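K.L.:
Structure in structure tokens, see below.
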């Protein structure tokens, strides 16, 4: 019997994952990861008066948005005390040992990355970093400490194995596939990963949860960045770096250099953005480029977003990069689709590569991940440095 450490978030996916693992005969240890920021901009700690309702002492949501001035106490975030209570209750119903790990120190690294990327005119992806550094990073350290054979999560992706070794593949439910967010996991850890819900449709997972009476079958999927639980992400950036307030303000210009407005900080914008630009030009315009050196946000038409390829670095390969097929597909955003392409790995530095798309693609955003697929199999990926002209 294998011992498995399972990340339990209190949601339907990880709850059903616990059931599937126990049904398969594994010894499961449930872990809730406390990694919310205890601040007015993300989470605040419960007062003593509420301690009886929150025996874990976990953060709960609260605070006021600096954008709207409205409270956002009911917005879903992974540091919610309700989520922790749901996870504990599910574990108890299955007689699974359950522990809460305080990972706030580890998680500050992700928050710092998030803030720094926006202040460098990039569009970060903290969920991918969380998987790399915490869920399949720090959690492996915990698993080693309890002599666990595997680490499991409720991600919609699949593991398979053939003569070439362990493989990461897209989830069966194409509309919920999360393999994109897992590309950065070390190749050496694939052999110890378990993704039990990846072989199911989301509707099936909810049906299983309902049949077991877990009480989470209709729980909504988390849609927010877990530490930005109210307001716009730029509010959070400013709250973390008050010394930078005003220093990123500048002009809004068109591609020909015409000044059409001003902005309070380029961290509020991302490549491809159409709404909330702060200017009206009579026809839809999009952010096509952000220039941190000049502090300019550059607008253009939809066709100006098209790029024939991109450059990426910080690659993580799940196969030997010399074995990359000549024709692959590359996905450049979490909720996007892979597009036919060729990948040219830098011969002097396999951490860098170029992507040449079969057809130009829209909104290639620096800071996002470029994930390489061969059919359903994840081959690796990296972080977009810039689109190619």
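K.L.:
Roughly how many nanometres apart are two label points built 7 Å out from the Cα toward the Cβ at residue 386 and residue 320?
P.N.:
A separation of 3.3 nm, rounded to one decimal place.
K.L.:
Work out, step by step, the length gained on full extension between residue 147 and residue 160: first 0.36 nm times the residue separation, then minus their alpha carbon distance; give nm to one decimal.
P.N.:
Taking 0.36 nm per residue and subtracting the Cα distance, the gain is 2.4 nm.
K.L.:
Send over the per residue convex hull volume for the chain, Cα only, as a whole number of Å³. Mind showing how you got there, number by number?
P.N.:
Details: hull volume 60.6 nm³, N = 389.
Dividing the Cα hull volume of the chain by its residue count gives 156 Å³.
K.L.:
Another question, then. If the elastic network links every pair of Cα atoms under 10 Å, which of 143, 370, 18 fluctuates the most in the Gaussian network model of the chain?
P.N.:
Most flexible of the set in this elastic network: 143.
K.L.:
Sticking with this structure for a sec: How big is the C-alpha Rg of the stretch 259-389 next to the rule-of-thumb value 2.2 N^0.38 Å, as a ratio?
P.N.:
1.15
K.L.:
Also, quick follow-up: If a paramagnetic tag sat 7 Å from the Cα of residue 175 along the Cα-Cβ line, which residues of the stretch 195-224 would have the backbone N under 15 Å from that point?
P.N.:
Label zone hits: 200-207, 221.
K.L.:
Separate question: What distance in nm separates the simple spin-label points at residue 218 and residue 348, each placed 7 Å from Cα in the Cβ direction?
P.N.:
So the label points at residue 218 and residue 348 sit 6.1 nm apart.
K.L.:
I'd like to compare 120-132, 196-208: which one has the highest average count of other Cβ atoms within 10 Å, and what's the full order after that?
P.N.:
120-132, 196-208
K.L.:
If you average the alpha carbon positions of the stretch 98-130 and of the stretch 149-175, how far apart do those two centres end up, in angstrom?
P.N.:
Cα centres, the stretch 98-130 to the stretch 149-175: 24 Å.
K.L.:
Right, here's the next one. Would you mind checking the radius of gyration and Dmax of the stretch 248-304 based on alpha-carbon positions, in Å?
P.N.:
Reported Rg and Dmax, both Å: 9.9, 28.
K.L.:
If you count the DSSP beta bridges with both ends in the chain, what percent of them are antiparallel, to the nearest 5?
P.N.:
On the way: 48 of 67 bridges.
Of those bridges, close to 70 percent are antiparallel.
K.L.:
Follow-up question, since we're still on this one. For the chain, what does the helix formula give at 222 nm: sum of -39500 (n - 2.57) over DSSP H segments with n ≥ 4, over the residue count, nearest 500 deg cm²/dmol?
P.N.:
Working: 7 runs with 72 residues, N = 389.
Calculated mean residue ellipticity at 222 nm is -5500 deg cm²/dmol.
K.L.:
Can you give the FRET efficiency to the nearest 0.05 for residue 302 and residue 105, using r as the Cβ-Cβ distance and R₀ = 45 Å? Spell out each step's value before the answer.
P.N.:
Working: r = 43 Å, r/R0 = 0.97.
It comes out at approximately 0.55.
K.L.:
Where the centre of each part is set by its Cα atoms, how far does the stretch 308-362 sit from the stretch 198-238, in angstrom?
P.N.:
30 Å
FYI, it's all coordinate maths here, none of it is from the lab. Because the structure is a prediction, the values reported are computed rather than measured. Note that each Cβ is placed from the backbone with ideal geometry, even for glycine, and that neighbours are counted across all protein chains shown.
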